[in-house]
Amino acid sequence: MLKAVIIDENATSRGLLQTILVNNGWEVAGHTNSNAKGLLLLQKLQPHFICIDLGQIDDEGLLDRIRQDWPKTLIFVIASTVDAQTVQNMLARGVHGFFIKPFNQATVANTVRSAVLRLVKQAQQPTN
């Protein structure tokens, strides 16, 4: 079972996303409203993926730290809206997908599954 950590200042968003993830067979190993606690959860729980609010990503280089310290952890951004520039920027920085509020259960599940399948296919490709 894949484990997740959720970092979002909004308790309602954390709760809704947790329900969606659990309903689709994933474990939410931890959630928090702060980046500092989120990093502690990442270190302690070693989740397969993290869901983090867009507004919290650039705090103190959080995204770069996650990419450096947990390179195999999938990163999904939580946002109310995103524009093309933000999507391109986040994908270039290693983000694997987006969850747009209000959450749609099928879309969240498909986003996670697609990202996992892409990684599996990449891992199966022979390197020259």
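The values are calculated or read from the model by the stated rules, or taken from the named source; none is laboratory data. Bear in mind that the values here come from a model prediction, so they are computed numbers and not experimental data. All Cβ positions, even for glycine, are placed from backbone atoms using ideal geometry, and neighbour counts span all protein chains on display. Remember, those area values only see protein heavy atoms, side chains included, never the ligands or the DNA or RNA. Shrake-Rupley method; radii C 1.70, N 1.55, O 1.52, S 1.80 Å.
Placing unit charges on the Cβ atoms only, positive for Lys and Arg and negative for Asp and Glu, gives the range 14-108 a dipole magnitude near 220 debye about its Cα centre.
Near VAL116, within a Cβ-to-Cβ distance under 15 Å, what is the net charge of the other residues, with Lys and Arg +1 and Asp and Glu -1?
Working: positive: LYS3, LYS72, ARG113, ARG118, LYS121; negative: GLU27.
Every neighbour counted, the sum reads +4.
The mean sequence distance of close C-alpha pairs (under 8 Å, at least 6 residues apart), as a share of the length of the chain, puts its relative contact order at 22 percent.
If you roll a 1.4 Å probe over the chain with all protein chains in place, what percent of the accessible area is carbon or sulfur? List each step's numbers first, then the result.
Working: 3640 of 7220 Å².
Here carbon and sulfur together make up 50 percent of the probe-accessible area.
Positive-end ranking of GLY15, VAL112, VAL77 along the dipole of the chain, with charges on Cβ about the Cα centre, is headed by VAL112.
Applying 0.36 nm per residue to the separation of LEU2 and SER80 and subtracting their alpha-carbon distance, the gain on full extension is 25.6 nm. Solvent-accessible surface of the chain, averaged per residue with a 1.4 angstrom probe and all protein chains in place: 56 square angstrom. The computed mean projected area of the Cα convex hull in nm² for the structure shown corresponds, within [x] 8.0; [y] 10.3; [z] 7.4, to [x]. What FRET efficiency, computed as 1/(1 + (r/R0)^6) with R0 = 22 Å and r the Cβ-Cβ distance, is obtained for ASN110 and GLU27, rounded to the nearest 0.05? My answer for the efficiency is 0.75. Each residue, SER34 and LEU117, gets one label point 7 Å from its Cα in the Cβ direction; the gap between the two is 4.0 nm.
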